[in-house]
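Encoded as C-alpha cells, the structure appears first; notes follow it.
The values are calculated or read from the model by the stated rules, or taken from the named source; none is laboratory data. The shown structure was predicted, so the numbers you read here are calculated from the model rather than taken from an experiment. Positions of Cβ are generated from backbone atoms using ideal geometry, with glycine treated the same way; all protein chains shown enter the neighbour counts.
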Amino acid sequence: MQHTRAHVLICAGTGCTSSGAKKVEAAFQTELAKQGLQDEVKVVETGCHGFCEMGPLVIVYPEGVFYCRMQPEDVAEVVESHLLKGRIVKRLLYQEPISMERIPSYKDISFYKKQMRYVLGNCGHINPELIEEYIAVGGYEALGKALTTMTPQGVIDEMKKSGLRGRGGGGFPTGMKWQFASNSPGSKKYVICNADEGDPGAFMDRSVLEGDPHRIIEGMAICGYAIGADEGYIYCRAEYPLAIKRLKIAIRQAEEMGLLGTNIFGSEFNFKLKIKEGAGAFVCGEETALMASIEGKRGMPRPRPPFPAVAGLWGKPTNINNVETFANVPQIIQKGADWYASIGTEKSKGTKVFALTGKINNTGLAEVPIGITMREIIYDIGGGISDNKKFKAVQIGGPSGGCLPEELLDMPIDYDSLLAVGAMMGSGGLVVMDETTCMVDVAKFFLNFTQSESCGKCTPCREGTKRMLEILTRITEGEGKEGDIELLEDLGAQIKDTALCGLGQSAPNPVLSTLRYFRHEYEAHIRDKRCPAGACSKLAAYRITELCKGCGLCKKVCPVGAITGEVKGQHVIDPEVCIKCGACFTKCPFKAIVKG
Amino acid sequence: MKTLEDLKKLREKLQADAQIRHADGIRIIVGMGTCGIAAGAREVMTAVLDEVAKRELKNVTVHQTGCIGMCEKEVLVDIARPGEPRVTYGKVKPADVPKLVSEHVVNGRVVEELVVGKIEA
C-alpha cells in the first residue's frame with residue numbers, strides 16, 4: 001500500500017459543480033498522472049463548504065491550503081508548484097475584501113474564523129458518497145450508543161435537556177415533539193425529515209444533504225428508536241437532484257453495512273428509510289401539506305389538531321423535523337446534552353446555519369452560535385456591505401420573516417428576540433440590503449412569492465394576500481392613496497389571525513415589519529410620489545446637477561430624446577418625455593445625474 | 001456490522017487515511033526546490049512514502065517545501081515531532097530514509113551524523 005501524502009479536496013456541491021468543479025477534477029487527474037503523482041496524492045470529492053461564491057473550491061491537505069475560483073487551466077500550476085515542489089500558488093488564494101491580504105489557510109479566513117461549524121462540520125471535509133469517510137470521523141457511533149446503552153425515553157430526555165429547538169423556523173422544542181410522538185399509542189409510527197427547503201435564498205438543508213447525508217440518516221434512526229418508529233421518509237424537493245442522488249447512495253450503503261434494516265447493532269430495533277420527491281410547492285414545507293403529498297394527495301394543509309404526533313402520515317403517530325434539526329441529533333447523543341446546552345443563549349441552544357446573501361462582500365453559509373449579533377454576522381463574517389454602500393436593513397426568515405433596521409444590529413439573535421421585533425428565525429435566510437433597496441419593493445417581492453405559492457384552500461390567504469399585493473403594487477407605481485397603510489395593517493392583522501396554516505399566518509410579516517421600521521418610505525411613496533431609494537422605476541425622477549460638463553453623452557444615449565443642452569453647457573431632462581430608463585444615469589462619466 | 005465494537009474497529013482502520021486532514025502529528029518535510037529535485041529529492045520523497053506505508057505509520061504527514069538556501073546540502077529533510085525541535089538533515093540519500101524514520105520518527109532519537117541544524121519548537 002502506498003502512503004498518500006496529500007489529499008486534494010474538490011467541492012462537488014451544487015454551487016461549485018455549476019461553476020465547473022467537475023472539469024477541475026478531471027484536470028487534476030490528468031495532471032497528477034502526468035507528473036507521476038497519482039499514487040501519492042488522492043483526489044476527494046466533497047460536499048459544500050458554504051462559500052459557493054468563491055467556487056470551485058479546492059483544499060489541499062496536509063497544509064490545508066484553500067484555493068478559490070479554480071479553473072481547469074490553473075490545475076497544472078497547482079500540481080507542479082504545490083504538489084510536486086511544495087510552493088503554494090499565491091495568486092489563487094482567497095483575498096480578504098478589506099485588507100486585500102491573501103490568506104492561505106482555511107481556518108484563518110475571516111468568513112470562517114467566527115463560525116462554529118458543527119452541523120456543517122463534515123461538509124467539505126469528507127466524501128459524501130463514501131460511508132467509510134463518515135465512519136472515519138465517528139459517524140454512526142451516536143446511533144450505536146443510543147441503541148446499546150440508552151433507553152428510548154433516555155434518548156428523549158437527553159434531547160429535552162439539550163434544549164434543541166426546531167430549525168425549520170417554528171422553534172418548537174425537539175425533545176417535547178419526540179415525547180408527544182412517543183406517548184401516542186400505536187405500534188406503527190413514522191419519522192419524517194422535512195427537506196422541502198423552499199425559502200428564497202436558503203440552501204443550508206441542501207448543503208447538509210449533499211455534503212453529509214449520513215448525518216441525517218443517523219439522526220432519523222435515533223429519532224425512530226426514541227419514538228418507536230420503524231419507518232422513515234425524507235421528503236426532498238425534486239429541484240435538489242444531487243441531494244437525492246447522494247441520499248440514495250447513502251441509504252444503500254447504510255443498508256449494506258447493516259446500519260439500516262433489521263436488528264441494528266444487534267438490538268431489537270428495525271428501521272428503514274424511503275425518499276419521497278416533492279414537486280417543489282412552497283406550501284408542502286408545511287407539515288400537514290407535506291404528509292398529504294407523501295400520501296399521494298394534493299399538497300394542502302389541514303387544520304390542527306390533531307397534530308402529526310397523534311394522527312400524522314396515514315393517520316399514524318408521526319414525528320416531523322427539519323434537516324438541520326436531525327443534523328444536530330447525532331452530536332447531542334455523542335457529546336451529551338450538557339455540551340450542547342453550553343452553546344447558545346438561555347432559551348435557544350446550539351448553533352444555527354444562516355444563508356448569507358444580498359449586498360454583502362462574503363456570501364454563503366455561516367454556522368454561528370445562537371445569540372451572536374447581526375452585526376458580527378454581517379461585518380465580521382460577511383465582510384461588510386459591498387461597494388462601500390450604507391447598510392439599510394437585513395431581511396431574516398424568508399417570506400415568513402421580517403426586516404430589521406440598523407438600530408437592531410446589536411441585538412443578540414435567538415428565536416424569542418426575533419419574534420419580539422416582528423421577525424422570525426425561519427429557516428435562516430439572511431438577505432442584506434443597502435441604501436439603494438426600496439423597502440416597499442422588498443415587501444412586494446416577498447408577498448408576491450407567498451401569494452403565488454398560496455394553495456388557495458383558505459380565504460384569508462388566497463384573497464387577503466392578493467389584495468395586499470394589489471395595494472403594494474399600486475403604491476410602488478405612484479398610485480398610492482391616503483389610508484393604504486392602515487388598510488395594509490388591518491388586512492395583515494386579519495390574515496395573521498385567520499389563515500389556516502403557517503404560510504398564510506406569516507405571509508403579512510414582511511409587510512408589517514417594513515411598515516414598523518420603514519413607515520416613512522411608504523409615506524414618501526404615497527404622499528410625495530417619490531421612492532427614497534430610487535428603486536421603483538415608475539417613481540424615479542432623474543435630474544442633471546451642476547456637475548454637468550456638457551459632454552453630451554446623456555443626450556446621445558437617451559432613447560426618447562428627452563435631454564437637451566449645448567456642448568460644454570448644462571443639459572436638462574424634460575420630465576414629461578423621460579421614460580425613466582436610467583440609461584443617462586449609468587452613462588454619465590461625471591456622476592452629474594441624480595435619481596430620486 | 002453487528003456491534004458498536006465492530007464500528008469502532010472499522011473507524012480505527014479508516015481513520016489513518018483521513019488523518020491527513022486533521023493532522024497535528026509528526027511532520028516529515030522534504031526540500032523540493034529546483035536544487036533539491038536536482039539532488040534527488042524525488043527519490044527521497046518516494047523512499048519516505050514507501051517507508052511510512054510499510055510501517056503503517058499513523059499520525060505522520062509528509063510535506064514538501066521550497067529551497068531554504070542551503071542548496072549544497074540538498075537533499076534536505078526536516079523531521080518535526082510535536083513539542084520537539086524541528087531537525088534538519090542534509091545530504092539525505094534514499095538509503096538513509098529507513099534509518100531516519102525508524103530512529104527519529106518512530107523512536108524520537110535524532111540521527112546525529114546527518115543533522116545540519118535544529119529549530120526550537
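Do any strands (runs of 3 or more DSSP E) lying entirely in region B:29-121 carry at least 3 residues that are surrounded by 17 or more Cβ atoms within 10 Å (Cβ to Cβ) and of a type in the set (Val, Ile, Thr), and which ones are they?
Hits in region B:29-121: B:60-65.
Among the aliphatic types (A, V, I, L, M), within 14 Å of chain B (Cβ to nearest Cβ), outside any strand (DSSP E or B) and closer than 18 Å to A:Val8 by Cβ, is that true of A:Val44?
When the stated conditions are applied, A:Val44 does not pass them.
Could you list, in sequence order, all residues of region A:86-106 that are touching a helix residue (DSSP H, G or I) at 6+ places or on another chain (Cβ under 7 Å) and within 14 Å of another protein chain (Cβ to nearest Cβ)?
Residues satisfying the conditions are A:Arg87, A:Ile88, A:Val89, A:Tyr106.
Select, from A:Ala226, A:Ala202, A:Ala221, A:Ala243, the only residue that is touching a helix residue (DSSP H, G or I) at 6+ places or on another chain (Cβ under 9 Å), assigned to a loop (DSSP other than H, G, I, E, B), crowded, with 22+ Cβ neighbours inside 10 Å and not charged (D, E, K, R).
A:Ala202 is the lone residue from the list that is touching a helix residue (DSSP H, G or I) at 6+ places or on another chain (Cβ under 9 Å), assigned to a loop (DSSP other than H, G, I, E, B), crowded, with 22+ Cβ neighbours inside 10 Å and not charged (D, E, K, R).
Given the criterion among the small types (Gly, Ala, Ser) and touching a Pro at 6+ places or on another chain (Cβ under 9 Å), identify the matching residue among A:Ala292, A:Ala355.
Answer to the check: A:Ala292.
Just to be sure I understand the filter: pairs with C-beta atoms under 8 Å, separated by 6 or more residues or on different chains, first member in region B:1-16 and within 9 Å of another protein chain (Cβ to nearest Cβ) and part of a helix (DSSP H, G or I), second member surrounded by fewer than 13 Cβ atoms within 10 Å (Cβ to Cβ) and of a type outside the set (Ser, Thr, Tyr). Which pairs pass?
B:Ala16/B:Glu56
From (1) out of contact with any helix residue (DSSP H, G or I) (no Cβ under 9 Å at 6 or more places or on another chain); (2) more than 8 Å from every other protein chain (Cβ to nearest Cβ), pick out the condition that doesn't hold for B:Ile20.
Unmet for B:Ile20, out of (1) out of contact with any helix residue (DSSP H, G or I) (no Cβ under 9 Å at 6 or more places or on another chain); (2) more than 8 Å from every other protein chain (Cβ to nearest Cβ): (2).
Could you tell me which residue of region A:119-138 is surrounded by the most Cβ atoms within 10 Å (Cβ to Cβ), considering only residues that are of a type outside the set (A, V, I, L, M, F, W, C) and within 8 Å of another protein chain (Cβ to nearest Cβ)?
A:His125
Looking only at residues in region B:28-55 that are in contact (Cβ under 8 Å) with a residue 40 or more places away in the chain and facing another protein chain (nearest Cβ under 7 Å), which one is nearest to A:Gln253 (Cα to Cα)?
Step by step, filter region B:28-55, then rank; the result is B:Val52.
Which number in (1) outside any loop (DSSP other than H, G, I, E, B); (2) modelled with pLDDT under 95; (3) surrounded by 15 or more Cβ atoms within 10 Å (Cβ to Cβ) marks the one condition that A:Gly492 misses?
Failed condition: (2).
Look at B:Gly25 and say whether it is in contact with a Cys (Cβ under 7 Å, 6 or more places away or on another chain), surrounded by 16 or more Cβ atoms within 10 Å (Cβ to Cβ) and within 10 Å of chain A (Cβ to nearest Cβ).
No, not satisfied.
I'd like the full set of residues that are more than 14 Å from chain B (Cβ to nearest Cβ) and in a helix (DSSP H, G or I), limited to region A:49-85.
Scanning region A:49-85 gives A:Cys52, A:Glu53, A:Met54, A:Pro72, A:Glu73, A:Asp74, A:Val75, A:Ala76, A:Glu77.
Would you pick out the residues in region A:139-171 that are more than 10 Å from chain B (Cβ to nearest Cβ) and of a type in the set (D, E, K, R)?
A:Asp157, A:Glu158, A:Lys160, A:Lys161, A:Arg165, A:Arg167
Being more than 14 Å from chain B (Cβ to nearest Cβ), touching a residue at least 24 places away in the same chain (Cβ under 8 Å) and aliphatic (A, V, I, L, M) narrows it down to one residue among A:Ala202, A:Ala221; which is it?
Selected residue: A:Ala202, the only one of A:Ala202, A:Ala221 that is more than 14 Å from chain B (Cβ to nearest Cβ), touching a residue at least 24 places away in the same chain (Cβ under 8 Å) and aliphatic (A, V, I, L, M).
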